[in-house]
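The values are calculated or read from the model by the stated rules, or taken from the named source; none is laboratory data. Worth saying up front: this structure is predicted, and the values here are computed from it rather than measured. FYI the Cβ positions are ideal-geometry reconstructions off the backbone, even for glycines, and counts take in every protein chain you see. For accessibility, only protein heavy atoms count, side chains too; no ligands or nucleic acids. Shrake-Rupley method; radii C 1.70, N 1.55, O 1.52, S 1.80 Å.
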Amino acid sequence: MSGAESAAAAEAMHALDSRMLAFADAALSYSLDRVRLDPPPLDDTSTLSELVATVGDTVRSGPRDPLEVFALFTEHLAPACISVDHPLFLSFVPGAPTEASVLFDLVVSASNIYGGSWLEGAGAVYAENQALRWLADLAGLPPSAGGVFVAGGTAGNLSALVAARSRWRRRAGGSMDRVRPIVVASAGAHSSVVQATRVMDADVVDLPTDERRRAPGRPVAEVVAALSDEDRRRVCAVVATAGTTNLGVIDDLTACADLAAALDTWFHVDGAYGAAALCAQSARPLFVGIERADSLIVDPHKWLFAPYDCCALVYRDTLEARLAHTQHAEYLEVLDQDGSGADEGWNPADLAHHLSRRARGLPFWFSLAVHGTDAYAAAMERTLEVSRFAADEIRRSDHVELVVEPALSILVFRRLGWATADYERWSARMLEEGRAFVVPTSHDGETVLRACIVNPRTSEAHMSDLIESLR
Ligand SMILES: *Cc1c(COP(=O)(O)O)cnc(C)c1O
């Protein structure tokens with residue numbers, strides 16, 4: 001390319017020319033149509049060879065018409081992604097973002113706000129913090145509480161535990177600097193907790209659970225006594241789960257907080273899935289003890305009607321998080337705050353393991369401000385109501401039975417007389433027919449079904465049909 005040619009090519013890359021404007025229309029109307037679909041098609045997954053055959057190589061040295069590339073997405077790529085917001089997507093933990101949150105996500109994308117520092121993103125951080133405050137208030141945390149939106153529960157758990165370890169080492173005044181920390185967590189804890197301990201080179205001590213799979217299954221004094229003196233000093237955090245991913249079990253948060261207090265250590269609550277239900281009056285009593293957390297997480301992209309990716313990480317005291325996570329570099333010094341009463345908020349970058357960040361809490365904030373928190377409580381109650389209905393329907397039916405009593409909106413149940421292959425065949429057929437996406441899980445080595453309801457559009461009729469389809 002000549003100098004003039006490369007200048008023209010560079011210019012074209014940031015130009016809103018007629019072709020790009022045509023794409024703008026297509027992008028906006030596609031987005032609006034996608035939001036309007038009720039329900040969206042379930043769609044399906046795809047194999048690599050199918051996509052190689054239908055889509056092929058897309059990236060070339062020269063330009064392509066944006067509408068032509070967009071058609072690859074609308075015709076081949078998007079249909080090869082299962083719709084998480086379909087009312088019968090009940091596998092894993094789905095999501096059901098509100099129209100307001102999805103549309104505002106477009107605005108956030110167009111604005112490309114840097115959400116890492118107060119200096120650069122004050123307006124966005126201010127709004128995100130109000131959404132975080134709502135969550136902190138629901139949990140009963142003090143005014144000192146604050147936090148940040150990170151990509152997911154995995155990032156949230158790691159960042160919280162790194163802050164816990166930092167406080168543990170600091171308090172030990174150097175004596176623990178070369179000692180491996182211990183994280184105490186129940187076997188029902190999410191895989192990301194164990195993953196975090198691997199990253200941190202920490203050991204995990206399993207917290208026993210009771211017959212309902214709640215931790216701690218034994219009196220706190222016994223759990224403490226089971227640890228050696230040396231191990232007791234190595235504990236940097238106790239992790240409780242407020243809604244386990246496989247069974248939906250909520251640990252005894254008061255007893256877990258007592259355990260953390262007895263060990264004089266950090267108390268972290270992983271509520272990535274379940275803590276969303278704090279906004280429902282009917283579920284609140286299950287969470288007693290959460291107000292004693294040093295940190296907690298909840299994923300609005302799961303059960304708080306926000307799009308990916310969005311995990312709220314809230315600390316009792318942001319100071320501990322800042323001491324652990326603030327990055328220091330010559331070019332970052334201008335962002336440092338001394339906490340001497342300056343009229344500024346904190347830098348979100350300083351509260352987790354990251355620096356650059358999208359203002360990913362804004363879609364959640366916008367929807368919360370538009371609909372009001374009462375609407376969130378009502379939508380949450382609706383999902384709980386349908387979950388209770390489905391549990392009753394399973395109790396009433398003679399071909400299925402509950403494996404554990406549901407606490408929130410996860411139903412674990414078996415089809416009497418079925419083996420693993422039967423569950424797999426049924427699950428594959430339901431997806432193929434575009435009816436439902438429900439994959440089996442296992443419980444004590446037995447293949448069983450698991451349905452997680454987070455979508456207010458999932459109805460009683462949907463659940464009856466699903467249970468009938470298992471006959
Ligand atoms: C989903 C989940 C996580 C992980 O969250 P991601 O957002 O998927 O990283 C952690 N803990 C629990 C209890 C979860 O349900």
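Looking at the structure I just gave you, is residue 151 under 20 Å from the mean Cα position of the chain (by Cα), over 21 Å from residue 373 (Cα atoms) and either surrounded by fewer than 15 Cβ atoms within 10 Å (Cβ to Cβ) or within 16 Å of the ligand (Cβ to nearest atom) (or both)? In short, yes.
Within segment 224-264, the set of residues being away from the ligand (no atom under 16 Å from the Cβ), part of a helix (DSSP H, G or I) and either open to solvent by less than 10 Å² (accessible area, probe 1.4 Å) or not small (Gly, Ala, Ser) (or both) comprises 224, 229, 230, 231, 232, 233, 234, 254, 257, 258, 259, 260. For segment 265-304, filtered to residues that are away from the ligand (no atom under 15 Å from the Cβ), in a loop (DSSP other than H, G, I, E, B) and open to solvent by less than 10 Å² (accessible area, probe 1.4 Å), the residue that is nearest to residue 190 (Cα to Cα) is 289. Just give me the residues in segment 193-212 being within 16 Å of the ligand (Cβ to nearest atom) and either in contact with a Gly (Cβ under 6 Å, 6 or more places away or on another chain) or assigned to a loop (DSSP other than H, G, I, E, B) (or both), in sequence order. 209 - this is the single residue of segment 193-212 that is within 16 Å of the ligand (Cβ to nearest atom) and either in contact with a Gly (Cβ under 6 Å, 6 or more places away or on another chain) or assigned to a loop (DSSP other than H, G, I, E, B) (or both).
Can you tell which of 140, 146, 115, 156 is open to solvent by less than 10 Å² (accessible area, probe 1.4 Å), under 16 Å from residue 317 (Cα atoms) and more than 16 Å from the ligand (Cβ to nearest atom)? Reasoning before the result, please.
Working: 140 fails: open to solvent by less than 10 Å² (accessible area, probe 1.4 Å); 115 fails: under 16 Å from residue 317 (Cα atoms); 156 fails: more than 16 Å from the ligand (Cβ to nearest atom).
After ruling out the rest, the residue left standing is 146.
Exactly one residue out of 385, 432 is open to solvent by 10 Å² or more (accessible area, probe 1.4 Å) and in contact (Cβ under 8 Å) with a residue 40 or more places away in the chain: that is 432. Screening 350, 309 for residues that are in a helix (DSSP H, G or I) and either within 14 Å of the ligand (Cβ to nearest atom) or touching a His at 6+ places or on another chain (Cβ under 7 Å) (or both) leaves exactly one candidate, 350. Within segment 99-124, the set of residues being more than 21 Å from the chain's Cα centre (by Cα) and assigned to a helix (DSSP H, G or I) comprises 107, 110, 111, 118, 119, 120, 121, 122, 123.
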